[in-house]
Amino acid sequence: MKPDPSQLDMFGEPVFPVRAPATQIDIDRYRAKLKAAMSRAIRESQYDRPTIATRMARYLGLPSISKASIDAYTAESKTGHDITMPRFCALVYATGAMWLWDEAASVQGVTVLIGEEAVLAEIALREQERRRITAELKMLRARPISITSRGKR
């Protein structure tokens with residue numbers, strides 16, 4: 001039986017996880033995580049590696065980026081060949097894998113919101129504020145209030 005879509009799943013994975021920043025980066029683990037994520041983005045992309053390389057070069061305004069460079073960026077064994085930020089931006093663009101930003105930023109305790117997710121987060125924040133204000137008003141209304149005369153007008 002499928003769950004009712006109007007009900008919240010209290011036990012599922014949070015859509016916007018709350019993360020704690022690392023106090024120190026395990027560079028080998030972080031590098032391996034990013035290389036695996038980039039490999040997955042390429043695998044899941046509608047484009048092959050040579051096309052992704054061409055799209056990256058066009059995005060960066062370069063004459064070319066080789067497929068071998070992409071292979072080196074994603075090979076866990078190539079620990080001395082990390083991708084630069086501009087090339088990472090180009091890879092995200094070329095593959096359409098915006099979720100890579102979340103993977104890269106997670107070590108800092110950041111959760112990246114993509115597109116309309118920011119609007120959903122804003123709505124949730126406003127709902128939280130409304131619940132807080134409603135609770136405050138309820139407490140204020142529950143207090144006995146006595147008004148003394150201010151005199152004749």
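Report relative contact order for segment 50-144 in percent, whole number only (criteria: Cα-Cα under 8 Å, sequence separation at least 6).
Reported as a whole number, the value is 20 percent.
Counting other Cβ atoms within 10 Å of each Cβ, which GluC sites (Glu not before Pro) in segment 45-140 have at most 10 and sit in a DSSP loop?
Listed in order of number, the matching sites are Glu116.
Of the accessible area of the chain, with the probe set at 1.4 angstrom, what percent is carbon plus sulfur?
The computed percentage sits at 57.
Using only Cα atoms and rounding to the nearest 10 degrees, what angle (0 to 90) does helix 27-44 make with the longest principal axis of the chain?
Orientation of helix 27-44: about 80 degrees from the principal axis.
Residue separation times 0.36 nm, minus the C-alpha to C-alpha distance between Met98 and Ser77: what's the value?
Contour length minus Cα-Cα distance gives 5.1 nm.
With Kirkwood radius over Cα pairs in Å defined as stated, name the option among (i) 15.5; (ii) 19.8; (iii) 16.5 computed from the structure displayed.
Computed from the coordinates, Kirkwood radius over Cα pairs in Å corresponds to (ii).
With a ≥ b ≥ c the root eigenvalues of the C-alpha gyration tensor of segment 40-95, is it rounded (a/c under 1.5), prolate (a/b larger than b/c) or oblate?
Oblate shape, in that a/c is at least 1.5 and b/c is the bigger or equal ratio.
Multiply the residue separation of Leu140 and Thr23 by 0.36 nm, subtract the distance between their alpha-carbon atoms, and state the gained length in nm to one decimal.
That pair, Leu140 and Thr23, stretches by 37.8 nm at full extension.
Kindly report the accessible area of the chain per residue (heavy atoms of protein chains, probe 1.4 Å, no ligands, DNA or RNA), in Å².
Ligands and nucleic acids excluded, the figure is 78 Å² per residue.
The values are calculated or read from the model by the stated rules, or taken from the named source; none is laboratory data. Nothing here was measured: the structure is a model prediction, and the numbers come from that model. Glycine gets a Cβ as well: all are built from the backbone with ideal geometry, and neighbour counts include every protein chain shown. Heads up: the accessible areas ignore ligands, DNA and RNA and are worked out on the full protein's heavy atoms, side chains in. Shrake-Rupley method; radii C 1.70, N 1.55, O 1.52, S 1.80 Å.
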